[in-house]
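Structure first, commentary second.
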Amino acid sequence: MDTLTSKEKKTVRDTFPINGTDFIEFYVGNAKQSALFYQAAFGFKLVAYKGPETGSKETVSYVLEQGKIRLVLTSAYEPDHEILKHVQLHGDGVKVLALWVEDAREAHEKAVERGAKSAFEPYTMSDDNGEVVLSGIHTYGETIHTFVERKNYSGTFMPGFQPKESLRKVEPVGLKYVDHCVGNVELGDMNRWIKFYQEVLGFKLLITFDDKDISTKYTALMSKVVSSGNGYIKFPINEPAKGLKKSQIEEYLDFYKSAGVQHIAVSTDDIIKTVGQLRKNGVEFLYVPDNYYEDLLDRVGDIDESIEDLKSQNILVDRDDEGYLLQIFTKPVQDRPTLFYEIIQRKGAQSFGKGNFKALFEAIEREQELRGTL
Ligand code: FE2
């Protein structure tokens, strides 16, 4: 495993400035019901809406927020609409990882010049609150990156949307921001996409995990993590590795029918409370057996949280040179075993929980076994 030191990270020049994740857009079969799921289960607040009542005759979108996280749930009416074709092929899933930039025209021009395939040319949308400029490029599978320029906009989300409030009282669960978004790609494609992020978006290689780092008795995968110049965006990319049984990455690819977003990690300042609330709301998590906690303190040293609290919520801990982190994975959030969420609390550690990979992947294997896909 190779890691950049904090000093090296600071001296790297940022050739493609990105302010952060602007939104994550899902193409779904039923946006109205998905919107209620994210409100009731994950504590997101509904803030904006676009549909026939607002002049959008073909598509419908709900915008939800919690902390700095913004999700857009989009569906369509006609069966031959590209959104519903996407849903038919992939199931509900992430279509857009939108990146907030200062200049969406320049970002698009630069990315295409450096080898990106354009998804759509820059265009401006305006209303009484100003204007938003959007442009897009393709990344792995059918996923795209939309560049969002919103410095001249003061309205809710973007032109075309109307503010809309939740009908139910939403209790936030303490989710703050997107920590990282992970992509699964086909065997042999990981390095190509890592190179894409390095060459096109000026990302730096942060960490490499090989199949010795990430394997259980049965399955294995390989992973590399790239990060934007300022470190705000982190994209791990996984590919399957050869094991005795079917890797969880292969299972994903079989069900998603292409490369795509595997998990979104969202941060909290109080993971015990956040996970407790999510469980009450009906969110299902992977199960790691109690013996994980028997020698936990020997492995991670002193931590602020009580082992009993961690055990009761089944939260995992890992330490690196800079501190420790707490994490847990949900089960997939749609029928297909594709997208899931990670809840993460960082206490200094900037890594990804390498010490927990084995326990987590064994937990995923148990789920695969139940599905008959191991
Ligand atoms: Fe993760």
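The values are calculated or read from the model by the stated rules, or taken from the named source; none is laboratory data. As the structure is a prediction and not an experimental result, all values here were calculated from the model. Glycine gets a Cβ as well: all are built from the backbone with ideal geometry, and neighbour counts include every protein chain shown. Surface accessibility is based on the protein's heavy atoms, side chains included, excluding ligands, DNA and RNA. Shrake-Rupley method; radii C 1.70, N 1.55, O 1.52, S 1.80 Å.
Assorted remarks:
- Where the range 175-371 is the region considered: accessible area per residue in Å², 1.4 Å probe: 41
- The chain: most fluctuating residue of SER306, SER351, SER215 per GNM, C-alpha cutoff 10 Å: SER306
- Each of GLN334, PRO163, GLY301 was scored by the projection of its Cα onto the charge dipole of the chain, and the greatest displacement toward the positive side belongs to PRO163; charges sit on the C-beta of Lys, Arg, Asp and Glu.
- The label point for ALA40 and the one for ASP14, both projected 7 Å from the Cα toward the Cβ, are 4.1 nm apart.
- The apolar share of the surface of the chain, taken as the fraction of accessible area on carbon and sulfur atoms (1.4 Å probe, ligands and nucleic acids excluded), comes to 48 percent.
- LYS85/MET125 FRET efficiency (R0 22 Å; Cβ-Cβ; nearest 0.05): 0.35
- Report summary: the helix-based calculation at 222 nm, which adds -39500 (n - 2.57) for every DSSP H run with n ≥ 4 and divides by the residues of the chain, gives -7000 deg cm²/dmol.
- Every Cα-Cα pair in the range 175-371 was counted, and those over 31 Å apart are 14% of them.
- Placing unit charges on the Cβ atoms of the charged side chains and taking the dipole of the chain about its Cα centre, the candidate lying farthest along the positive direction among ILE364, VAL317, TYR256 is TYR256.
- Within the chain, longest stretch clear of exposed chymotrypsin sites (Phe, Trp or Tyr not before Pro) (DSSP loop, no more than 16 other Cβ within 10 Å): 78-217
- Label point 7 Å beyond Cα of ASN191 along Cβ direction - residues of the range 227-265 with amide nitrogen under 18 Å: 237-242
- Calculated log₁₀ intensity ratio I(q)/I(0) where the Debye formula runs over C-alpha points of the range 18-163, q = 0.08, 0.09 Å⁻¹: -0.21, -0.27
- Net charge of neighbours whose Cβ lies under 14 Å from the Cβ of GLU305, counting Lys and Arg as +1 and Asp and Glu as -1: -2
- Note on the chain: with charges restricted to the Cβ of Lys and Arg (+1) and Asp and Glu (-1), its dipole about the Cα centre is near 140 debye.
- Sequence-separation-based contact order of the range 18-163, relative, with Cα cut under 8 Å and 6+ spacing, percent: 26
- Size descriptors for the chain (Cα atoms only): Rg and Dmax, in that order, 20.2, 60 Å.
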